[in-house]
Amino acid sequence: MAAHLKKRVYEEFTKVVQQQHEDLSTKKLRLTKPSKSAALHVDLCKATSPADALQYLLQFARKPVEVESVEGVVRILLEHYYKENDASVRLKIASLLGLLSKTAGFSPDCIMDDAINTLQNEKSHQVLAQLLDTLLVIGTKLPENPSVRMRLVEVACKHLTDSSHGVRNKCLQLIGCLGPVEKGVAKEAESQAAKDVQKIIGDHFNDQDPRVRTAAIKAMLQLHERGLKLQQAIYGQACKLLADDYEQVRSAAVQLIWVLSQLYPESIVPIPSSNEEIRLVDDAFGKICHMVSDGSWVVRVQAAKLLGSMQQVSSHFLEQTLDKKLMSDLRRKRTAHERAKELYSSGEFSSGRKWGDDAPKEEIDTGAVNLIESGACGAFVHGLEDEMYEVRIAAVEALCMLAQSSPSFAEKCLDFLVDMFNDEIEEVRLQSIHTMRKISNNITLREDQLDTVLAVLEDSSRDIREALHELLCCTNVSTKEGIHLALVELLKNLTKYPTDRESIWKCLKFLGSRHPTLVLPLVPELLSTHPFFDTPEPDMDDPAYIAVLVLIFNAAKSCPTMPALFSDHTFRHYAYLRDSLSHLVPPLRLPGRKLVSSAVSPSITPHEDPSQQFLHQSLERVYNFQHLDPQGIQELLEFTIRDLQRLGELQSELAGMADFTATYLQCQLLLIKALQEKLWNVAAPLYLKQNALASAAAKQILEETYKMEFMYSGVESRQVVIIHHMRLQAKALQLIVTARTTRGVEPLFGMCEKFLQEVDSFQRCFISELPHMQGSFVDKLLDLMPRLVTSKPSEVVKILQTTLRQSTFLHLPLPEQLHRATANIIEPTGESDNPLRFTSGLVVALDVDATLEHVQDPQGTVKVQVLYPDGQAQLIHPKPADFRNPGPGRHRLITQVYLSHTAWTEPCQIEVRLLLAYNSNRSKASARIAKSTWSESLEALPPSENGIEGTIPFSKPVKVYIMPKPARR
Amino acid sequence: MPEIKVTPLGAGQDVGRSCILVSIAGKNVMLDCGMHMGYNDDRRFPDFSYITQNGRLTDFLDCVIISHFHLDHCGALPYFSEMVGYDGPIYMTHPTKAICPILLEDYRKITVDKKGETNFFTSQMIKDCMKKVVAVHLHQTVQVDEELEIKAYYAGHVLGAAMFQIKVGCESVVYTGDYNMTPDRHLGAAWIDKCRPDLLISESTYATTIRDSKRCRERDFLKKVHETVERGGKVLIPVFALGRAQELCILLETFWERMNLKAPIYFSTGLTEKANHYYKLFITWTNQKIRKTFVQRNMFEFKHIKAFDRAFADNPGPMVVFATPGMLHAGQSLQIFRKWAGNEKNMVIMPGYCVQGTVGHKILSGQRKLEMEGRQILEVKMQVEYMSFSAHADAKGIMQLIRQAEPRNVLLVHGEAKKMEFLKQKIEQEFHVSCFMPANGETSTILTNPCIPVDISLGLLKRETAIGPLPDAKKPKLMHGTLLMKDNSFRLVSPEQALKELGLAEHQLRFTCRVHIQDPRKEHETVLRVYNHLKGILKDYSVQHLPDGSITVESILIQATAHSEDQGTKVLLVSWTWQDEELGSYLTSLLKKGLPQST
């Protein structure tokens, strides 16, 4: 012991001082004799057979162990380990050691020596492997201790010669996870460990066991992940592994090659069997391409995925992946794609209706045809044709990534992507449409390609159609026939699926504004105008006609000559559409018509459009109403609210902002109405009706404030303060009303107390915002706070009443972006007259399909509510998987709602609607509290007592006709 | 050298009448038993008299394997088993076994009832023949007898098509039958593991073709059908009952489903209905999509495709009709064609190859006026389209399969000689394996170098591997032991055990050697000097001086006696067994150098 201590002392002198702490802690730990370990000890001593001992250990493993007693337990386990003859018990002990060293807060370096010692005499391979696993756990727990790691790596190296694959596996894993990463460290350390870890692992690439080979490659990858720069020398070895018999080896080898190609893209490697040389990244690319036609689909998926991220590859190689070099009877044949292209460029207008249209052309030199070694040749052609859709999806993704970085490749891969639109699996189709959209700024669609793309518009899946509309929004079309074709197909789509209306209009809007010159020659035809005759005026409510107009008006925006072609009714329709569908129809400078904006245009800055201006002006007006009499204020507010609501309907981009402010003004209006002078001058009991009005107002204000806080995305803390302030006012109002209607003082005490608490928490939450709230209700209230705390409830109420009436109206600053959460239930449509019949007591599934916009975290907040005619309400939480995210800020809910009820005599309607659940604890305000307490004061915050949970309905209810029939007996 | 002999009776440098004889390690196997479409005489069946002139076939053949149900692979089976006489086992996969008799019966009907041939197999014979069939599952190893085993791999091509591995001991042959390396709408791609057979017998129908991707063709097909239907036209698709017909059905069915189309699709009844039934049953043999979705809906339970009735052809409005036969030479397809040919809104799509002389061939080559029987002139106004859907592997696919299986030799069948030549050259060049392409009746001999398995006791193995460095997987390792050949098996045992088993006594072999040393001293002093000397040199060995005056170094004995004539010369007798030969000879040479001069 003395020698041991001396050694320790010596160490402390020479090495880092920090170790002293560890030593102290270990000593302290040793002193405690935990009861847990004692219990285990007794148990293990009692065990008569290995099976018994195993049972005890298994039971023991189920219970957690406290940090302090871990070491004691470990000692006891080790003691038994040495005594035990049965391998299975030793195995369990070894695994327990690993588990224990994972305990949070426990530093396992004190048991490391013992763990290493156990390895010495162990005969069973399984136990050895398990012990190494334990060491791995210990090693990973001590990341900043290079000497320990070095030791463990040495131990692992020693056992690498073991005959069991399991042991070798674990050794390699350990070396991979713990091996020294920096070169420098390896040199400083003792001679043995200075051995190159890469070399050691590399030697096991040729192990006889495939599992060990895989582990070796994985260990190498692990080293790479930890930041070690792998040597280029292993590239050759890795290439050989690609031909391994086992799929897991090949799969890992593909990864390794990919890593190397990213590390040394530019170095030169020789091509075997010839004296040429190519870049390593090209060589690796060819090899991985080869693996796309591997026998195992796991490897194929892996290879196809990795191809996408090899962007340094030279374009010559890249383009080969799309070329299969067709031939027929030894004669070169053109692909259908090439034929289509040729047809297109020659201007001929027919497709191959002759037999032998694809007849092969030139003779091929038989020697030059390389059937398989051609590496990259046609890799994507194979990948996209693969049997497994996983491979196809991976290939499409890879295509997407490569095409994004190389415009010329994008052009080339277009044909193949278009082909994928006809895949048998919807996921693949969808993926390829999305891919196309992502690369669409690099490409222009040819007419025949467009034709194929448009054919998919008839797909019965809404997802696919919508994705395709998005794609068309950002596609470049080359000819006017193309535009015409697209329009015709979209109109066909419209008649077939009328629900797509909005999406199609939007699509045509972009199509028009992108191709004004192509639309121009089409205008007479589209509007069916005639140079001499007047044509009948089309029906203005026809969605197809609106679609045509949307296309034309958007094109006309950047094409000033177009309006000359319009007939009279077109101008009238323009005015109508500009008003009713303002988000789709842009402002036009029409001859002979005064542009709405032109009157104001000189005064406004170009980036601010008039509607925004209007919004600000009307707000400005409201905020200056102090000078008006109460009647005037009310009227002004009412008008402004009406204006804002109308504005929101007209200008979709301002809708959120307008609604938000309108709601706020509405609250204020309610408050003012409720505080009307005469109401309060009369004795309470006589004015029950007035009281009802006031309390209803208070209630409504509360509701509206919750809506403001939780239904809008983009609300900032400045707004939150004001919303909370409004809520506080509403609560004060509530207090006053109850004070006047209830007799007796007792209940008031509690209410006053609660209100004051709320004021207090408001102050704490928004302390930083208070300076901005001069003259407001809360400002005055806080001044009077000392008085309030000490006075009686009746006095408090009186003070509140006066403050409430005197306080000024706070400006609501508007954030940059404000969007109101909206939901639209597409299905059920609520139009069906056929009741949904089902047997009472059983369940019927109702498909619900809804689009949600600007909802944050819909998985957590959106609920479906079903209201039965008997007033019973049912709240359903959709599964997280039911939500899809087709675009930023948009979500789609597709779920099934299960309905059930007892028998009815006749069919009746139920209501289905979507609710937005909120919880004021989770609100932004409380997040602020947490933040502010952390940074400013460290005092513990009382759990927010006013954690109110509730729901806001945010979609129009849909009525569903149902009929539970009595069960037949 | 052991060898594998392959003799094609049909399909050697030819398409049709597939029948290949393989003798491997004393076993004879017949692969496929097909008929030739082109002949109506004796040449339509393989010449079975090649196998034996007068003996019974059963004695010469160990088993028959049928790869799939196409008639050029199984058409001669009832003739072979019932009329020529074969009672041994016939192997095929379950779908093949189910569908094969339907096709054979159909074939019989056409030949006997329509053409009026006699001396042909009867329905009963087909039934009897089918009783001899043993059905196998994919990847199931079937033990034909004690040595011969076969195993089926998925081949794509048609429902139930399989590749077979035939294995005797360490020698193996893989026969691909017809296969397809690209998946289609209802079947997956062929797959084989790295089984490294001695010989791969592959079809080579498209030896010189690299095909375009399937998607373009599919898309074209769908587009044409869709356009015609939208115009209100009628589409006629002449097909043969099985295989492609199902693929096209699935294609149209899913398209109709996707696009929400309403126009009716009809399928001519009869044979195909039965076949569709089997397609419904053998879902596991189809591709990923069908396998995954069949829980919701079996893809072969067509929602849009209905049975055709003759009266429907006159119905107004658009429709799509699949009708047999595929070459428009007779039957329902021709009837419908005549009704519809006059309207330019209609369309006929030929999904496959048409033999010269058929109506199909005529319209494909652009003829617009056809002379029908009865001097009737039929003007063809409808559109004529050609779409090739083939389910054979192309050159790239064949190479891919070879790469997957890694055979030591390749043999090509089922293709044209000229095209095979090209592929053969390519295979030899790319894979450096020899490639054969025998003609019918010609025998190819492939030399094999089979490994011979030897049993070794675990004890001996462990003992031997413990010596020297760790065994390396890729390198051979030298071992000591006794090879016992007994009862047709080989065993490697330790020498002691070999002696025990053979009941032999162990003989000891000793070498003795006399070394003369000039030493005038007494004998025991000389011994002591030798002892000290050896002890000084051989530090790692145990050198002992025994009380009887002899020295042992390990097991080597050294004795010293005075020379009978010259007392100054001592004779050292060194004796060792042969196991210690190395040490013994070293000792003698050491002693021959003499003792160091001691002071």
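Restricted to region A:816-846, and to residues there that are touching a residue at least 40 places away in the same chain (Cβ under 8 Å) and acidic (Asp, Glu), the residue that is nearest to A:Ala967 (Cα to Cα) is A:Asp833.
With farther than 30 Å from B:Tyr154 by Cα and not in a loop (DSSP other than H, G, I, E, B) as the only criterion, which of B:Gln356, B:Gln335, B:Gln367 stands out? Show your work before the answer.
Numbers: B:Gln356 fails: not in a loop (DSSP other than H, G, I, E, B); B:Gln367 fails: not in a loop (DSSP other than H, G, I, E, B).
Within the list B:Gln356, B:Gln335, B:Gln367, the selection yields B:Gln335.
I'd like to verify a number: residues in region A:785-823 that are surrounded by fewer than 14 Cβ atoms within 10 Å (Cβ to Cβ) and of a type in the set (Gly, Ala, Ser), how many? Number of matching residues: 1.
Okay, residues lined up against (1) within 14 Å of another protein chain (Cβ to nearest Cβ); (2) of a type in the set (Ser, Thr, Tyr); (3) free of Cβ contacts under 8 Å to residues at least 60 places away in the same chain; (4) in a helix (DSSP H, G or I):
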position: A:Asp500; (1), (2), (3), (4): yes, no, yes, yes
position: A:Cys507; (1), (2), (3), (4): no, no, yes, yes
position: A:Leu522; (1), (2), (3), (4): no, no, yes, yes
position: A:Glu525; (1), (2), (3), (4): no, no, yes, yes
position: A:Pro531; (1), (2), (3), (4): no, no, yes, no
position: A:Asp539; (1), (2), (3), (4): no, no, yes, no
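Just one of the listed residues (B:Arg217, B:Arg196) is within 30 Å of B:Ile336 (Cβ to Cβ) and either touching an Asp or Glu at 6+ places or on another chain (Cβ under 7 Å) or not in a loop (DSSP other than H, G, I, E, B) (or both), and it is B:Arg217.
Against the condition within 14 Å of another protein chain (Cβ to nearest Cβ) and either modelled with pLDDT of 85 or more or under 17 Å from the mean Cα position of the chain (by Cα) (or both), how does B:Gly232 come out, does it pass? For B:Gly232, the condition - within 14 Å of another protein chain (Cβ to nearest Cβ) and either modelled with pLDDT of 85 or more or under 17 Å from the mean Cα position of the chain (by Cα) (or both) - is not met.
Would region B:522-533 turn up any residue that is in a loop (DSSP other than H, G, I, E, B), more than 30 Å from B:Cys451 (Cβ to Cβ) and at pLDDT below 85? Spell out the reasoning first.
So the first thing to find is which residues in region B:522-533 are in a loop (DSSP other than H, G, I, E, B), and the list is B:522.
Pick out the ones that are also more than 30 Å from B:Cys451 (Cβ to Cβ) and you get B:522.
Next cut, at pLDDT below 85 only: B:522.
So far as region B:522-533 goes, yes, one or more of its residues are in a loop (DSSP other than H, G, I, E, B), more than 30 Å from B:Cys451 (Cβ to Cβ) and at pLDDT below 85.
The single residue among A:Leu508, A:Leu494 that is in the same structural domain as A:Ala547 (by the TED database), of a type in the set (A, V, I, L, M, F, W, C) and touching a Pro at 6+ places or on another chain (Cβ under 9 Å) turns out to be A:Leu494. For region A:799-849, residues that are modelled with pLDDT of 75 or more and either β-branched (Val, Ile, Thr) or part of a strand (DSSP E or B) (or both) total 23.
Every residue, every condition in (1) within 13 Å of chain B (Cβ to nearest Cβ); (2) modelled with pLDDT of 85 or more, yes or no:
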{"position": "A:Glu387", "(1), (2)": "yes, yes"}
{"position": "A:Glu390", "(1), (2)": "yes, yes"}
{"position": "A:Val396", "(1), (2)": "yes, yes"}
{"position": "A:Gln431", "(1), (2)": "no, yes"}
{"position": "A:His434", "(1), (2)": "no, yes"}
{"position": "A:Arg437", "(1), (2)": "no, yes"}
{"position": "A:Ile443", "(1), (2)": "no, no"}
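Taking helices (runs of 4 or more DSSP H) that do not extend beyond region A:201-273, which have at least 3 residues that are within 14 Å of chain B (Cβ to nearest Cβ), under 21 Å from A:Leu307 (Cα atoms) and at pLDDT 90 or above? Of the helices (runs of 4 or more DSSP H) lying wholly inside region A:201-273, those with at least 3 residues that are within 14 Å of chain B (Cβ to nearest Cβ), under 21 Å from A:Leu307 (Cα atoms) and at pLDDT 90 or above span A:247-263. You will find that of B:Asp128, B:Asp59, B:Asp87, the residue that is in the same structural domain as B:Met30 (by the TED database), under 28 Å from B:Gly26 (Cβ atoms), acidic (Asp, Glu) and assigned to a helix (DSSP H, G or I) is B:Asp59 and no other.
If I filter region B:498-511 for residues that are closer than 15 Å to B:Leu595 by Cα, at pLDDT 80 or above and away from chain A (no Cβ under 14 Å), do I get at least one hit? Checked against the condition, which is being closer than 15 Å to B:Leu595 by Cα, at pLDDT 80 or above and away from chain A (no Cβ under 14 Å), region B:498-511 yields no hits at all. For region A:850-882, the candidate set comprises residues that are modelled with pLDDT under 85 and assigned to a strand (DSSP E or B); within that set, the residue that is surrounded by the most Cβ atoms within 10 Å (Cβ to Cβ) is A:Thr851. Taken together, A:His515, A:His484 contain a single residue that is in contact with a Gly (Cβ under 9 Å, 6 or more places away or on another chain) and not acidic (Asp, Glu), which is A:His515.
Mind counting the residues in region B:561-573 that are in contact with a His (Cβ under 8 Å, 6 or more places away or on another chain) and closer than 17 Å to B:Ser589 by Cα? The qualifying residues number 3.
Tallying residues that are farther than 18 Å from B:Glu581 by Cβ and either in contact with a strand residue (DSSP E or B) (Cβ under 6 Å, 6 or more places away or on another chain) or crowded, with 16+ Cβ neighbours inside 10 Å (or both) within region B:540-555 yields 5. Residues in region B:193-208 that are within 14 Å of another protein chain (Cβ to nearest Cβ) and surrounded by 22 or more Cβ atoms within 10 Å (Cβ to Cβ): 4 in all. Beta carbons closer than 7 Å, at least 6 apart along the sequence or on distinct chains, pair a first residue in region B:76-101 that is at positive phi with a second that is among the hydrophobic types (A, V, I, L, M, F, W, C) for B:Gly85/B:Leu57.
If you go through region B:22-50 and pick out every residue that is without any contact (Cβ under 8 Å) to a residue 40 or more places away in the chain and either in contact with a helix residue (DSSP H, G or I) (Cβ under 9 Å, 6 or more places away or on another chain) or among the acidic types (Asp, Glu) (or both), you end up with 11. In region A:296-329, which residues are at pLDDT 85 or above and more than 17 Å from A:Gln404 (Cα to Cα)? Residues satisfying the conditions are A:Ser296, A:Trp297, A:Val298, A:Val299, A:Arg300, A:Val301, A:Gln302, A:Ala303. Hey, does region B:297-314 have a residue that's away from every other protein chain (no Cβ under 14 Å) and under 21 Å from B:Val359 (Cα atoms)? Within region B:297-314, one or more residues are away from every other protein chain (no Cβ under 14 Å) and under 21 Å from B:Val359 (Cα atoms). For B:Val413, the test of being among the aliphatic types (A, V, I, L, M) and out of contact with any Gly (no Cβ under 9 Å at 6 or more places or on another chain) is failed.
The values are calculated or read from the model by the stated rules, or taken from the named source; none is laboratory data. Every value quoted in this text rests on a predicted model; they were computed, and no experiment measured them. Neighbour counts run over all protein chains shown; Cβ positions are idealised from the backbone, glycine included.
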